[in-house]
Ligand code: FPP
Ligand code: MG
Ligand code: MG
């Protein structure tokens with residue numbers, strides 16, 4: 001489990017349930033065409049933290065039906081949707097490494113990556129239908145936000161629009177949405193009350209955004225052996241992220257070189273390396289980290305509706321881990 005759970009009974013339950021999710025997922029990526037199975041299982045087998053299914057399982061623990069089959073199905077739905085989006089994301093970002101393995105677009109090509117993403121999304125839709133019309137509606141709304149966020153990332157903010165607000169909006173759409181839905185599905189199919197479902201959904205939205213913000217920090221700070229991705233991919237693709245936006249706001253004359261280079265051609269290897277180096281040493285990195293930690297605190301405050309106990313503690317730990325993760 002990508003989560004330290006101190007309560008032994010809860011830990012055992014989560015582990016057992018995650019093993020069920022893992023087994024079900026392996027079945028869902030099967031196709032009658034062997035090549036499709038190979039392409040669709042590629043990223044799933046390469047690893048992944050399974051954060052979204054874990055949140056489904058944790059949120060389900062807040063109800064009296066945590067052991068229901070629907071919970072496992074919902075966990076598969078969110079992981080398959082996430083996987084699908086990664087295949088497409090790596091095409092858009094021209095990323096060649098994911099989970100320490102070659103991305104689908106680099107191992108095969110863009111066509112294979114796009115269609116495999118579509119295949120996984122279809123599988124996820126098929127499963128969502130098993131959860132009933134409300135789940136289908138939630139899934140559709142989530143998908144709308146996911147795609148809107150991803151598209152808005154490619155559009156620079158309009159004149160007079162605050163770049164940070166634009167960026168946070170992108171992040172909420174492309175990542176907050178699916179993590180919020182993970183919490184909602186878990187609460188709903190686990191049998192939690194409406195009040196708890198709404199609180200956990202709001203918690204998931206903030207934790208999800210924090211998750212993406214730390215991902216953006218890691219894009220600058222971490223090496224491939226840690227993140228399983230190529231450092232500086234966002235920079236190379238011209239995708240603005242929290243540390244960059246914070247550094248750009250700097251009035252410090254010592255930042256003149258960095259600000260100049262940020263507007264230069266970041267696909268040039270030398271420029272890219274120098275910017276990465278300057279950013280890594282920049283106080284904006286710690287400023288960004290502090291911002292993420294503050295969001296995690298906000299998310300944890302929403303857990304006040306839950307009774308004290310191991311489940312609430314685990315959800316608190318989940319928010320903390322997302323804020324300070326290193327991979
Ligand atoms: C990762 O961001 C990307 C997302 C969280 C969402 C991507 C969404 C789409 C491509 C649209 C959905 C399409 C389908 C078929 C589901 P990132 O590039 O910042 O993260 P990374 O560092 O993990 O690459
Ligand atoms: Mg990417
Ligand atoms: Mg991307």
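Quick notes on this structure:
- Rh (Kirkwood; distinct C-alpha pairs) - region 245-298, Å: 12.1 Å
- Calculated diffusion of region 268-327, Stokes-Einstein form, Kirkwood radius summed over Cα pairs, 10 °C and 1.306 mPa s, µm²/s: 116 µm²/s
- Considering only alpha-carbon pairs that sit under 8 angstrom and 6 or more positions apart, the relative contact order computed for the chain is 20 percent.
- Taking 259, 315, 57 in turn, the Gaussian network model of the chain (Cα-Cα springs below 10 Å) assigns the largest fluctuation to 259.
- Kirkwood hydrodynamic radius over Cα pairs of region 220-327, then Stokes diffusion coefficient at 10 °C and 1.306 mPa s, in µm²/s: 101 µm²/s
- Rounded to the nearest 10 degrees, the inclination of helix 177-190 to the longest alpha-carbon principal axis of the chain is 10 degrees.
- In this calculation the C-beta distance from residue 19 to residue 226 is compared with R0 = 25 Å, giving a FRET efficiency of 0.45.
- Centroid-to-centroid separation of region 52-84 and region 179-201 [C-alpha atoms, Å]: 10 Å
- For region 1-102, averaging the sequence separation of C-alpha pairs within contact (under 8 Å, six or more residues apart) and dividing by the residue count gives a relative contact order of 31 percent.
- Percent of Cα pairs exceeding the 19 Å cut-off, where the set is region 97-179: 56 percent
- Gain in span if fully extended, residue 194 to residue 313, counting 0.36 nm per residue against the direct Cα distance: 40.8 nm
- Chain lengthening between residue 115 and residue 304 when straightened (0.36 nm per residue, less Cα-Cα): 63.7 nm
- With the cut-off at under 13 Å, measuring from each backbone N in region 298-327 to a point 7 Å along the Cα-to-Cβ line of residue 9 picks out 309-311.
- Each of the peptides 98-106, 163-171 was scored by the mean count of other Cβ atoms within 10 Å over its residues; in descending order, highest first, they stand as 98-106, 163-171.
- Distance from the Cα centroid of region 229-282 to that of region 7-21 is 42 Å (rounded to whole angstrom).
- Mean Cα-pair separation over length for region 51-125, i.e. relative contact order, pairs under 8 Å, 6 or more apart, %: 30 percent
- Scattering curve values for the chain, log₁₀ I(q)/I(0), Debye with Cα scatterers, q = 0.08, 0.13 Å⁻¹: -0.37, -0.97
- The sum of -39500 (n - 2.57) across all DSSP H runs of n ≥ 4, divided by the residue count of the chain, sets its helix-only mean residue ellipticity at 222 nm to -23000 deg cm²/dmol.
- Set of region 98-140 residues, backbone N closer than 16 Å to the point 7 Å along the Cα-Cβ line of residue 31: 104-126
- If R0 equals 30 Å, the separation of the Cβ atoms of residue 162 and residue 270 corresponds to a calculated FRET efficiency of about 0.40.
- Rounded to the nearest 10 degrees, the angle from helix 8-28 to the longest Cα principal axis of the chain is 80 degrees.
- Cα-only Debye scattering, region 77-232: base-10 log of I(q)/I(0) at q = 0.13, 0.15 Å⁻¹: -0.67, -0.88
- Principal-axis tilt of helix 283-301 within the chain, Cα atoms, nearest 10 degrees: 20 degrees
- Length gained on full extension, residue 250 to residue 148: 33.8 nm, using 0.36 nm per residue less the C-alpha separation.
FYI, it's all coordinate maths here, none of it is from the lab. Remember, predicted model here, so these are calculated numbers, not experimental data. When we count neighbours, we look across all protein chains shown, and the Cβ atoms used for this are built from the backbone with ideal geometry, even at glycine.
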